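Have a look at the structure below before the remarks.
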Amino acid sequence: MNLILLGPPGTGKGTQAKLIADQLNALHIATGDLFREAVKRGTELGVRAKAYMDRGDLVPDEVTISMLLERIEQPDAQGGAIFDGFPRTLQQARALDEALAAKGSEVDTALHITAPDDEIVRRLSGRWLCPSCGAIYHEQTHPPKQERACDKCGSELHQRDDDRPDVVRARLEKQRPPAEMLDYYRERGKLVDIDGARAPEEVTKDLLAAIERATAGVSN
Ligand code: AMP
């Protein structure tokens, strides 16, 4: 079984991918994790990828694709995987299809988690930090008792530069799944849109139902 999870940042895609992998006892392959490991180990790949990652840019296709193709050749990946954060370009989508076809396999379904831009910006830009004691707050999930003041030490809370709404919007533009890649899966009858602007458990339920439909061979 090969499943793809697509979606902009801030839709809970990574969390959902892990949950589903656990539930289905499937392998979870996240290219972001593979890059972060390479950076930590200081490999050539890591050094190359880091500059792009630091800017919030995509790592070039040839680097990303060869890393992913190497990963799916490993023995533990022979039963398929849940791909999280890959593909992010049309070229990556084509490369994955070719590699799977060579193994007599294919992508069963591409699950596209969506949310309105305003909701994504609200989620991603809601983080506030205390510059004195380091406490972290979030407007929705963990608000301070008094607006902009630290519960622990009373200092005025600050927002990180890259959590500011204008910066988050710029990141969103760079990291949004490109239309031609979504069309690629849509034209092949593989794309399923899942509304991600709901409670996480409801999103999980819908994802699992879509996977069951796809793997039972029923068209969506
Ligand atoms: P993520 O954890 O999925 O947000 O990925 C972290 C960073 O790794 C991204 O901002 C990109 O710089 C890089 N990255 C991860 N997956 C890909 C991909 N499929 N194509 C290009 N760059 C990627």
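Quick notes
- Set Glu156, Glu147, Glu201, Glu180: member being of a type outside the set (A, V, I, L, M), surrounded by fewer than 12 Cβ atoms within 10 Å (Cβ to Cβ) and closer than 23 Å to Leu90 by Cα: Glu180
- Within segment 39-52, the only residue that satisfies the criterion of being in contact with a helix residue (DSSP H, G or I) (Cβ under 6 Å, 6 or more places away or on another chain) and over 13 Å from Met67 (Cβ atoms) is Lys50.
- For segment 58-72, a tally of residues being more than 23 Å from Tyr185 (Cβ to Cβ) and outside any helix (DSSP H, G or I) returns 0.
- Consider segment 5-40 and keep the residues that are hydrophobic (A, V, I, L, M, F, W, C) and not in a helix (DSSP H, G or I). The one that is nearest to Ala170 (Cα to Cα) is Leu6.
- Only residues that are within 12 Å of the ligand (Cβ to nearest atom) and either farther than 25 Å from Asp108 by Cβ or among the basic types (Lys, Arg) (or both) were counted in segment 59-95, giving 6.
- Neighbours by Cβ (under 7 Å, 6+ apart or cross-chain): first from segment 60-88, closer than 23 Å to Thr215 by Cα and touching a residue at least 24 places away in the same chain (Cβ under 8 Å); second within 9 Å of the ligand (Cβ to nearest atom) and among the charged types (D, E, K, R): Asp84/Lys13
- Test result for Ala216, at pLDDT below 95, surrounded by fewer than 13 Cβ atoms within 10 Å (Cβ to Cβ) and small (Gly, Ala, Ser): yes
The values are calculated or read from the model by the stated rules, or taken from the named source; none is laboratory data. Computed from a predicted structure; not experimentally measured. FYI the Cβ positions are ideal-geometry reconstructions off the backbone, even for glycines, and counts take in every protein chain you see.
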